[in-house]
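What follows is calculated from the coordinates using simple rules that are stated; it is not laboratory data. Since we're looking at a predicted model, the values are computed, not measured. Using ideal geometry, Cβ is built from the backbone for each residue, glycine included, and neighbour counts are taken over all protein chains shown.
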Amino acid sequence: MATDSWAQAVDEQEAAAESVDDKAAQSLLNKLIRSNLVNTTNQVEVLQRDPNSPLYSVKSFEELRLKPQLLQGVYAMGFNRPSKIQETALPMMLAEPPQNLIAQSQSGTGKTAAFVLAMLSHVDPENKWPQCLCVSPTYELALQTGKVIEQMGKFYPEVQLVYAIRGNKLERGTRLQEQIVIGTPGTVLDWCQKLKFIDPKKIKVFVLDEADVMIATQGHQDQSIRIQRMLPKTCQMLLFSATFEDTVWNFAKRIVPEPNIIKLKREEETLDTIKQYYVICNSKEEKFQALCNIYGAITIAQAMIFCHTRKTAGWLAGELSREGHRVALLSGEMQVEQRAAVIERFRDGKEKVLVTTNVCARGIDVEQVSVVINFDLPVDKDGNPDNETYLHRIGRTGRFGKRGLAINMVDSRFSMNILNRIQEHFSKFRIDKIQTIPNRYPTLVIIYYYPSF
Ligand SMILES: Nc1ncnc2c1ncn2[C@@H]1O[C@H](COP(=O)(O)OP(=O)(O)OP(=O)(O)O)[C@@H](O)[C@H]1O
């Protein structure tokens with residue numbers, strides 16, 4: 001592909017990637033497809049507001065002295081013990097007097113469950129007015145969190161929940177009786193300020209979820225700050241985020257005064273168990289041929305194939321299907337629910353190969369993938385190697401000490417240069433060339449690693 005058209009395609013993709021919907025959609029997708037806690041051995045980093053107070057963490061839910069109805073709810077959800085982030089966050093959130101918290105850990109590590117438990121614990125069911133306010137970036141994410149509140153509070157029916165989301169129209173003059181309000185910033189702000197359904201001065205716990213997604217949305221940041229300003233000084237402020245770039249951090253500090261901070265260090269990517277190769281091809285068609293050979297040899301393993309554009313992904317999925325392969329295609333035009341359904345089928349092994357664009361699959365966790373194929377190498381919008389994405393892609397394979405395989409398809413001097421620069425960037429990487437016996441060598445390599453899948 002000529003550099004110009006490549007760069008143009010990247011622009012289009014990246015522009016799409018930067019859309020807010022995309023971030024919120026990723027987050028929602030992960031929630032929809034995830035059935036379990038993300039398994040992590042990461043270290044927790046804690047920065048306490050008062051460094052002299054002893055750091056208290058729990059290894060069981062009993063130690064938290066939860067209300068029996070809540071403990072029952074936790075166990076009914078199948079939680080046996082607190083997750084890594086919950087071990088430290090829950091004692092802080094449940095402490096008296098309440099402590100503020102900023103917590104960051106990757107998605108799926110139990111943040112939502114943690115703050116839901118904190119909200120349910122702090123509510124006084126006798127008081128028929130909103131006491132906990134939780135703000136989420138989108139309607140769908142608010143609904144997901146609401147579901148967790150409903151599940152966890154199943155045995156605590158005195159506590160009621162209301163959704164402050166578009167479409168939920170209440171009569172003027174209404175005074176809410178529900179103790180927990182979950183919603184999106186715009187509606188929550190209206191309900192507090194303009195419509196006065198909520199008395200913000202009576203809020204005891206304020207949760208701002210998915211801060212990284214929130215700040216990517218025009219207007220949400222300001223609205224969240226305006227809500228926060230209406231709350232009493234004594235209100236407990238809790239902020240959660242999957243990532244912690246400077247922008248998130250600056251926002252977090254404005255929302256949460258005098259915070260305790262918990263960070264879950266991202267697992268050091270040890271890529272020793274992943275073998276990385278590249279194969280030189282002269283055209284898209286040759287890449288496809290090489291892929292067929294590889295695919296033929298890995299039918300019991302699951303592979304993810306990344307293309308640069310939707311067009312290539314669509315073409316490739318079509319070609320593979322014509323060859324009789326069962327292929328799932330994840331494409332940016334799909335609705336979130338459709339995408340979730342595709343990923344779920346793949347996760348359940350109904351399809352063995354998932355073809356996708358990087359943009360579409362960014363941040364989506366599919367754990368069991370053992371082979372990653374970069375049909376196109378990842379580049380950023382300036383046409384430079386996107387090292388982080390490369391790492392993220394190949395990091396999908398070889399999890400939990402299993403062996404994994406990453407194969408890069410190189411089809412031009414441009415892509416060879418990209419690959420070399422990726423290799424230079426990660427000085428400890430070795431990306432070996434698959435010697436050119438066209439169409440056969442990849443298969444041999446795979447057979448060699450096959451027994452370990
Ligand atoms: N202590 C626990 N034991 C077992 N499963 C848990 C525990 N805590 C949470 N889970 C489950 O793990 C999954 C992820 O948890 P949760 O949604 O709270 O993570 P999260 O960090 O909030 O993720 P996201 O950033 O995507 O919102 C959910 O299916 C949840 O039910």
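Each semi-axis of the equivalent ellipsoid for the stretch 137-209 is √(5λ) with λ an eigenvalue of the Cα gyration tensor; in descending order they amount to 19, 15, 12 Å. Annotation: lysines with alpha-carbon distance below 22 angstrom to Lys287 (same-chain offsets under eight excluded): Lys275, Lys311, Lys352, Lys433. Were the residues from Lys154 through Asn168 laid out at 0.36 nm apart, the gain over their Cα-Cα distance would be 2.8 nm. Rg then Dmax, both in Å and based on the Cα atoms of the stretch 200-346: 23.2, 67. The relative contact order of the stretch 58-104 comes to 39 percent, based on Cα pairs under 8 Å that sit 6 or more residues apart. Can you pick out the pairs among Lys194/Lys253; Lys253/Lys428; Lys147/Lys201; Lys67/Lys201; Lys265/Lys350; Lys111/Lys204 whose Cα atoms lie more than 31 Å from each other? Pairs exceeding the cut-off: Lys253/Lys428; Lys265/Lys350. Ranked by the mean number of other Cβ atoms within 10 Å per residue, highest first, peptides 171-177, 287-293 order as 287-293, 171-177. Between Asp348 and Asn250, the contour length at 0.36 nm per residue exceeds the Cα-Cα span by 31.3 nm. Other residues whose C-beta falls under 13 angstrom from the C-beta of Ser321 contribute a net charge of 0, scoring Lys and Arg +1 and Asp and Glu -1.
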